[in-house]
Structure formats: C-alpha cells, structure tokens
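Scroll down for the structure; my scribbles are underneath it.
The values are calculated or read from the model by the stated rules, or taken from the named source; none is laboratory data. Computed from a prediction, not measured in an experiment: that's the story for all the values here. Every residue, glycine among them, receives a Cβ derived from its backbone with ideal geometry; neighbour counts consider all protein chains shown.
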C-alpha cells in the first residue's frame with residue numbers, strides 16, 4: 001500500500017515517497033533506506049502488510065510450514081520484501097525440515113547478524129543489510145559445507161525468477 005497525496009510528504013532527510021507503485025524503485029533508494037533513522041516506521045507501515053510489518057519490523061515469526069517459499073524450487077534471487085535488496089541465490093536454498101525456507105549462504109554483504117537471547121535461547125538474528133528489517137535467524141548446524149542454516153520467514157522475501 002502506498003501513501004496517498006493527502007498524507008503529506010516525508011522529511012527532506014527521509015526517503016522519497018512515490019505517488020504510485022510504479023514510481024517506487026527501492027534499489028534506487030539504497031542509501032536512504034539504510035537504518036531506521038532514515039526510514040521512519042510509518043514509512044514501513046504504509047508499504048507492508050500487517051504480517052510483514054509484524055515479522056520484519058517487530059521481529060516476529062511466521063507460523064512454521066505456512067510460508068509461500070517453503071517448497072519453492074524456481075531459479076532466481078530471493079530479495080528483501082521491504083526494500084528489494086538481493087539476499088539469497090536460489091541455489092543456496094535447501095529443505096531443512098524446520099518449516100521455514102533455509103539457505104546455506106547469503107549473498108555477500110546482503111545481511112547483518114546480531115546476537116539474540118530472547119525466549120531463553122542463544123541465536124543469531126538476521127536483518128537486511130540495506131533496510132535493517134528482521135528476516136529470521138542463522139544457525140551453525142547446516143548440512144552443507146558452509147555449516148550454516150539461514151532460517152528465513154517467507155513473508156520477508158520476494159523471489160525474482162531468472
């Protein structure tokens with residue numbers, strides 16, 4: 001959902017707010033989408049579904065085995081649903097049996113990791129390297145040579161097929 005004209009414009013230091021979906025080019029806004037200080041929460045609320053906002057901005061988790069991309073086999077690149085940042089190549093995807101799309105490697109510089117000790121667990125939170133949106137978690141128990149299992153919420157992804 002995009003903001004209507006009557007909502008006003010963003011601050012000069014904030015991101016450009018397009019009038020139509022066709023006018024929104026997140027890849028061109030890479031620097032202005034970086035970090036919460038440059039993209040107020042209202043910016044994300046206007047562009048995301050309520051489920052995307054809950055997961056990506058409030059660090060929620062979608063229900064296991066329900067995500068759109070869990071069993072996806074198409075070739076392409078998985079990008080951040082919030083800003084379009086390319087995150088994972090489809091050839092890094094594997095079935096972990098956990099209920100979420102899993103990858104053994106992220107594209108270089110695509111994600112950032114942060115310690116997460118919520119819910120009595122020790123794990124690493126994954127956020128988009130461009131916009132800071134929560135994507136999921138990474139674990140050191142992957143079955144491939146990387147030893148990584150990036151467990152990502154489908155609602156955080158868009159698949160750009162080849």
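Numerical summary
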{"item": "Matching residues, the range 47-67, being within 17 Å of residue 159 (Cα to Cα) and more than 14 Å from the chain's Cα centre (by Cα)", "result": "66"}
{"item": "Filtered residue count, the range 147-162, keeping only those that are touching a strand residue (DSSP E or B) at 6+ places or on another chain (Cβ under 8 Å), outside any strand (DSSP E or B) and over 13 Å from residue 103 (Cβ atoms)", "result": "1"}
{"item": "Identity of the residue in the range 73-95, crowded, with 18+ Cβ neighbours inside 10 Å and free of Cβ contacts under 8 Å to residues at least 60 places away in the same chain, that ends up nearest to residue 51 (Cα to Cα)", "result": "83"}
{"item": "Qualifying residue in the range 133-149 (condition: more than 22 Å from residue 71 (Cα to Cα) and buried (at least 19 other Cβ atoms within 10 Å of the Cβ))", "result": "yes"}
{"item": "All positions within the range 101-146 that are touching a residue at least 40 places away in the same chain (Cβ under 8 Å), closer than 14 Å to residue 61 by Cβ and in a loop (DSSP other than H, G, I, E, B)", "result": "101, 133"}
{"item": "Filter result (farther than 26 Å from residue 123 by Cβ and modelled with pLDDT of 55 or more) within the range 23-70", "result": "38, 40, 42, 43, 45, 46, 47"}
